[in-house]
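Notes for the one structure printed next.
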2 protein chains.
Amino acid sequence: MEQDALDRAFMALADPVRRAMVARLSRGDATVNELAEPFAITKQAVSKHIQVLEHAGLVTRSRDAQRRPVHLDAAALERLTAWIDQYRLLAESRFRQLDELLGASQNAAASHPEQENPEQENTAKKKEELR
Amino acid sequence: MEQDALDRAFMALADPVRRAMVARLSRGDATVNELAEPFAITKQAVSKHIQVLEHAGLVTRSRDAQRRPVHLDAAALERLTAWIDQYRLLAESRFRQLDELLGASQNAAASHPEQENPEQENTAKKKEELR
DNA sequence: GTCTTAATCAACCAAACGGTTGATCAACCG
DNA sequence: CGGTTGATCAACCGTTTGGTTGATTAAGAC
């Protein structure tokens, strides 16, 4: 996924109205009027929100006479979680490695009692040093 | 997760500079100067970006003399994927249910040959009707 | 003390965002 | 045909965003 697409996708989800639309669309396709119904804004504003979602690749639109049903693209959502998880898992695994490593050094600290602050403070400090 | 927090979190990720910072931080904590290094913008601008990430709850900051190391909060990232997946999975499961349902109705269509367009068009149309 | 380093605060600016009103297009209905 | 419905286009407006420059705070280093 390119930077620009990620920009637009995350930006699209950064608005509560558009997130509510995504929530609604997860239960099935909907028209502009149906999507507008829960909100106290003009239909033009709703139309713009949908265009933002569409330009972000999160939804697609078809034609049904004068209606323009909106369809949520689950694959696009999956690409977003994939981006986040990539770094979340990296950070988590690094954290787990440190926990193991500190489990070992805790024993070492017990055998070197010259430390004046031998509790969890120690753990936090070691984690910072290891960046 | 509250609406406001989601607003700020998704907004924070909607900028390529801040996403690059998240990527960098997934490999370990970093200072403002370290985070600024890859970018051709002033350190003040970088500082603002970090504040955006911090206010969004995606990173935390500690003190080390005059340095202010930034730490990525993996749990916050997890809350974001949880929000997305909630609706992604709903949409996907609905899609799967339709596929099963259409497997059955395809047989029915074969026994009612008055249909003038009995191929995949049929599938798309039935999926739309079922919203 | 003075000097350097790390980072922030403050004021400003152009561009983008979310919203409005008013006009227009496109397809069905009678 | 004219009228209604669904939706968009166009112009405008206040606020926010991402960036700048310049001044300031805070902690070491000499």
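Values in this text are rule-based calculations from the coordinates and carry no lab data. Not measured: the values here are computed from a predicted model. Cβ coordinates were reconstructed from backbone atoms using ideal geometry, including for glycine residues, and neighbour counts include every protein chain displayed.
On a per residue basis, the convex hull of the C-alpha atoms belonging to segment A:3-72 measures out at 77 Å³. Note on segment A:3-72: dipole from Cβ charges, positive end direction compared against A:Ser47, A:Val22, A:Ala65; the farthest Cα belongs to A:Ala65. Other residues within the sphere of radius under 12 Å centred on the Cβ of B:Lys48, judged by their own Cβ, net out at 0 (K and R +1, D and E -1). Residues B:Glu2, A:Glu78 in ascending order of nearby Cβ atoms (within 10 Å, fewest first): B:Glu2, A:Glu78. Other residues lying with their Cβ under 14 Å from the Cβ of B:Ile84 contribute a combined charge of 0, Lys and Arg counting +1, Asp and Glu -1.
Inter-part distance, segment A:9-59 to segment B:21-52, computed on C-alpha centroids, equals 32 Å.
Between identical copies, the spacing of A:Phe95 label points, each set 7 Å from Cα toward the C-beta atom, reads 3.0 nm from nearest to farthest. Distances between placed amide hydrogens fall under 5 Å for B:Val70 paired with B:Ala30, B:Thr31, all partners being 5 or more residues away or on another chain. Across the identical copies, the 7 Å label point of A:His55, projected outward along Cα→Cβ, sits 2.4 nm from its counterparts, in ascending order. Each copy carries A:Lys43; placing its label point 7 Å along the C-beta direction from Cα gives inter-copy distances of 5.5 nm, listed from smallest up. Across peptide A:5-18, the average count of Cβ atoms from other chains found within 10 Å of a residue's Cβ is 4. Overall, segment A:3-72 carries a charge dipole of about 140 debye about its Cα centre when +1 sits on the Cβ of Lys and Arg and -1 on the Cβ of Asp and Glu, all other atoms neutral.
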